[in-house]
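The values are calculated or read from the model by the stated rules, or taken from the named source; none is laboratory data. None of the values given here were measured: they were computed from a predicted structure. All Cβ positions, glycine included, derive from the backbone under ideal geometry; neighbour counts span all protein chains shown. When the accessible area is computed, the model is the full protein with side chains, heavy atoms only, and any ligands, DNA or RNA have been set aside. Shrake-Rupley method; radii C 1.70, N 1.55, O 1.52, S 1.80 Å.
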Amino acid sequence: MTITFKALAALLAYPTDDLVAALPEILDIVEDERRLPGRVRRDLAALVGELRAADRLDVQERYVATFDRGRATCLHLFEHVHGESRDRGQAMVDLKSMYERAGLTLAGHELPDYLPALLEFLSLQPREVAEAMLGDCAHVVRKVGDALASRGSRYAAVFAAILALVDLPGLSGKAGAIDEKSMDEEWAEAPVVFGPAAGAACGAPAPTHSVIQFVSRAGQAR
């Protein structure tokens, strides 16, 4: 399961040439993951196929339009619950310290609440840690996945897979537009808390992208 978290993190990263080159290996990993329902594995395969077949510039523009233009599908978890709350700074520090204790160093400007970074961290942890941390933020993961599904984005499959890996209820499957204001108000009532020392807070999206480096089963960086 740990390598699957890494594969899902890679699928949520900005689609560079290196990431596209790693897609066949990523596909092998998700197709071999028996914790994922067959439907989720098929949806992930469709996402991989889309990323491989489409024009690279079109894929990159679609990624930016999907994740960088609107709060409802932002990949920064704290952004969904506290906006510009003054508490976010300490929460970021606490989460970053948790990563560093596990040997995970964030790339450059990357913020610790960036979902691919959290998945990278969980790939280094025992299952019970993954279950606890994803349980804390499942309401955000599910809402972002639902927002993506309502827009017809194949990226919704990644969010369904995250929840399925730790046996949490999946996406709602509700059709129709998502009202971003109502989503923000609902999430504000359910703060994300990572562990006993990490206060609930949020962070603004990073100004540019850093790529989660995909590492193969053999431990060889691509």
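In the condition set (1) in contact with a Pro (Cβ under 8 Å, 6 or more places away or on another chain); (2) aliphatic (A, V, I, L, M); (3) within 24 Å of residue 38 (Cα to Cα), residue 106 is compliant with all but (3). Residues in region 101-132 that are closer than 20 Å to residue 169 by Cα, in contact (Cβ under 8 Å) with a residue 60 or more places away in the chain and open to solvent by 10 Å² or more (accessible area, probe 1.4 Å): 2 in all.
Determine whether region 201-208 contains at least one residue that is modelled with pLDDT under 90, among the polar types (S, T, N, Q), more than 14 Å from residue 74 (Cα to Cα) and open to solvent by 10 Å² or more (accessible area, probe 1.4 Å). Scanning region 201-208, I find no residue that is modelled with pLDDT under 90, among the polar types (S, T, N, Q), more than 14 Å from residue 74 (Cα to Cα) and open to solvent by 10 Å² or more (accessible area, probe 1.4 Å), so the answer is no. Could you go through region 75-97 and let me know if any residue there is of a type in the set (S, T, N, Q), surrounded by fewer than 20 Cβ atoms within 10 Å (Cβ to Cβ), outside any loop (DSSP other than H, G, I, E, B) and touching a residue at least 12 places away in the same chain (Cβ under 8 Å). Yes: one or more hits. The residue of region 100-131 that is farthest from residue 12 (Cα to Cα), among those that are in a helix (DSSP H, G or I) and touching a Cys at 6+ places or on another chain (Cβ under 9 Å), is 118.
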